[in-house]
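This report refers to the structure that appears directly beneath it.
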Amino acid sequence: MPVRVIFLFAIALTLLTGCQSAYYSAMEQVGIHKRDIMVDRVEDAADAQQAAQSQFKDARQALSQLTQFDGGELQAAYEAVDSQYQKSHDAVTRVRERIDALESVSEALFDEWEQELDLYTNQRLQRDSEQRLRQTREEYERLRDAMRRAEKTMTPVLNTLQDNRLYLKHNLNARAIGALQGELDALSGEIDRAVADMQRAIQASDRFIQTLN
């Protein structure tokens, strides 16, 4: 059966049954193993975090420009804040989805690795593999914790953007624009913390991939 057909079958099977094990099994039939999928998902999560960093910086820049508002279309000002909130929300959602996907394949990989230790007949190779499993799992847990820590710092940014968006929506006047000026410093600090935590998680991703390779 052609590789493309098997791959599409794996995707369809996963969508229909929600069974990740069926997906992994089908992918292994075309030479793509859990370790390969794990590396791809680490990279996907890192890419999503880089995109979120960029989006948060764009949101800060847009709100900074808004606080310099000195007359103009108030509806346009609200739409600018709303757009930044929606884009930031989408970026955070992608990060969370990528981390969830990484956790799924990681659990499957480590479970399989641990179960297959009992299949060894050579004790030296078994001990070596067991040690390698322990080291890889510890490194992965550091990566996962760094990603989840970064994810948590995104929530205050979204909350502040949401508050600003709602306030403008129901108070479309120049006074409302002025009220947001005091919020910019708080938002900027939240963005700085989120960006720094995401950067640490991205660096942890690079180290983990080097460990696997």
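Taken together, the values in this text are just the output of simple stated rules run on the coordinates, not laboratory data. The structure presented is a predicted model; accordingly, all values stated were derived computationally and were not measured. Because the Cβ atoms are built from the backbone with ideal geometry, glycine has one as well, and the counts that use them run over all protein chains shown.
Taken as entire DSSP H runs, the helices of the chain that both span 18 Å or more between Cα atoms along their own long axis and average 0.5 or more on the Kyte-Doolittle scale are 3-17.
What chymotrypsin sites (Phe, Trp or Tyr not before Pro) in segment 86-186 are in a loop by DSSP, with at most 14 other Cβ atoms within 10 Å of the Cβ?
Here the chymotrypsin sites (Phe, Trp or Tyr not before Pro) that fit, given the DSSP loop and packing criteria, are Tyr120.
The length gained by stretching the chain between Asn213 and Glu141 to full extension, at 0.36 nm per residue less their Cα-Cα distance, is 24.2 nm.
Take every Cα pair under 8 Å in the chain that's 6+ residues apart, average their separations, divide by the length, and report that relative contact order as a whole percent.
Numbers: 178 pairs, mean separation 62.5, N = 213.
Relative contact order for the chain comes out at 29 percent.
The modelled label-to-label distance between Asp90 and Arg132, using points 7 Å beyond Cα along the C-beta direction, is 4.2 nm. Number of Lys-Lys pairs in the chain with C-alpha atoms under 20 Å apart and a separation of 8 or more places or on different chains: 4.
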